[in-house]
């Protein structure tokens with residue numbers, strides 16, 4: 001759909017399920033695609049190098065066992081994370097980029113820097129165990145959380161319209177952390193497999209069943225900090241919350257790693273019960289509160305569409321609650337099949353996009369590179385088209 005304003009001949013609104021994007025000049029697109037391809041190849045190379053090192057350390061049999069054990073539960077965890085984003089789903093390419101960054105890029109630099117730090121401390125202290133303890137308690141939290149946070153910061157700085165709240169920060173952080181944990185677990189499971197099935201079962205229980213949320217929990221602190229910064233115009237908050245979140249991520253990671261290494265099984269169990277579980281429950285509360293806020297944003301900024309007659313009262317109420325959206329989507333699936341369900345999902349998504357766009361404009365948080373009025377018209381036009389399709393089914 002072309003913009004009605006002829007002063008913008010090189011821009012067009014593209015309708016896709018996740019969001020509206022703006023097409024730039026062909027030259028810019030070519031450069032962007034080239035950079036994307038190069039970045040993807042570099043990430044793949046770094047990931048292959050990391051897997052090669054793991055394979056050398058564990059051997060081919062241990063590597064294959066670790067690979068299978070580490071990847072089997074990942075799809076379930078990814079689905080659960082994506083499900084959290086009930087109001088404004090993020091673009092697939094950004095979700096995939098966060099996960100692949102965590103799986104391919106961050107582990108490479110973590111392994112490299114942790115190894116260098118461990119060897120340096122062991123050499124200086126003349127004690128191999130001191131080097132291992134440094135890598136586990138000091139280096140790993142700093143390096144690994146920095147590596148995972150890097151993709152969040154990139155999204156925060158350059159994709160403002162797609163990273164606009166706490167839920168977005170939690171989703172991107174969780175996916176990056178899940179990717180990192182998957183690659184890391186290949187090494188842990190592969191090494192454990194070399195010591196027999198009992199050791200593998202124990203490690204899998206601890207890392208895969210007892211605490212699969214550890215890495216996501218740590219990195220979510222950074223994601224929440226960035227999400228809070230995005231929701232405010234106050235400079236102090238913008239600067240402080242990301243820093244506090246990042247510090248919390250490193251501290252929790254250090255405590256988690258050090259609990260077992262310094263105090264044995266009892267210390268690990270106490271840390272799990274007294275710190276990790278309560279922190280995870282608090283995270284769930286933060287998610288619930290953030291989802292409630294997003295529902296309020298949708299309710300407030302779609303009220304004008306109810307008042308001008310574009311939306312009926314029933315459609316408005318369905319859009320303003322998670323259960324209303326789920327119910328309307330299920331109803332569309334049972335009445336009109338997959339095609340009707342997809343149309344309804346696109347309608348829900350576009351309504352959220354419109355509401356969040358209006359919210360950003362009202363709070364002065366919108367990007368200054370686009371005409372907000374033209375974006376508003378584009379959203380309304382596409383929403384009307386989807387609304388027509390929803391009603392005739």
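The values are calculated or read from the model by the stated rules, or taken from the named source; none is laboratory data. As the structure is a computational prediction, the values presented were derived from the model and not from experiment. When we count neighbours, we look across all protein chains shown, and the Cβ atoms used for this are built from the backbone with ideal geometry, even at glycine.
For residue 263, the criteria (1) surrounded by 13 or more Cβ atoms within 10 Å (Cβ to Cβ); (2) closer than 21 Å to residue 81 by Cβ; (3) outside the structural domain of residue 356 (by TED's automatic domain parsing); (4) without any contact (Cβ under 8 Å) to a residue 24 or more places away in the chain hold in every case but one, which is (2).
Of the residues making up region 277-325, those that are farther than 28 Å from residue 340 by Cβ and touching a residue at least 40 places away in the same chain (Cβ under 8 Å) number 8. Only one entry in 328, 352 is surrounded by 19 or more Cβ atoms within 10 Å (Cβ to Cβ), free of Cβ contacts under 8 Å to residues at least 24 places away in the same chain and not assigned by TED's automatic domain parsing to the domain that holds residue 160, namely 328. Of the helices (runs of 4 or more DSSP H) entirely within region 274-376, those holding at least 1 residues that are in contact with a strand residue (DSSP E or B) (Cβ under 9 Å, 6 or more places away or on another chain), under 27 Å from residue 174 (Cα atoms) and at pLDDT below 95 occupy 322-362. Restrict the check to region 195-210 and report whether at least one residue is buried (at least 24 other Cβ atoms within 10 Å of the Cβ) and either touching a helix residue (DSSP H, G or I) at 6+ places or on another chain (Cβ under 9 Å) or not assigned by TED's automatic domain parsing to the domain that holds residue 58 (or both). No - not one qualifying residue is present in region 195-210.
Among the conditions (1) at negative phi; (2) at pLDDT below 95, the only one that residue 250 does not satisfy is (2).
Count, please, the residues in region 231-242 that happen to be more than 15 Å from residue 150 (Cβ to Cβ) and in a helix (DSSP H, G or I). So the count comes out to 7.
Quick one: is residue 41 part of a helix (DSSP H, G or I), at pLDDT 95 or above and either assigned by TED's automatic domain parsing to the domain that holds residue 204 or surrounded by fewer than 14 Cβ atoms within 10 Å (Cβ to Cβ) (or both)?
no
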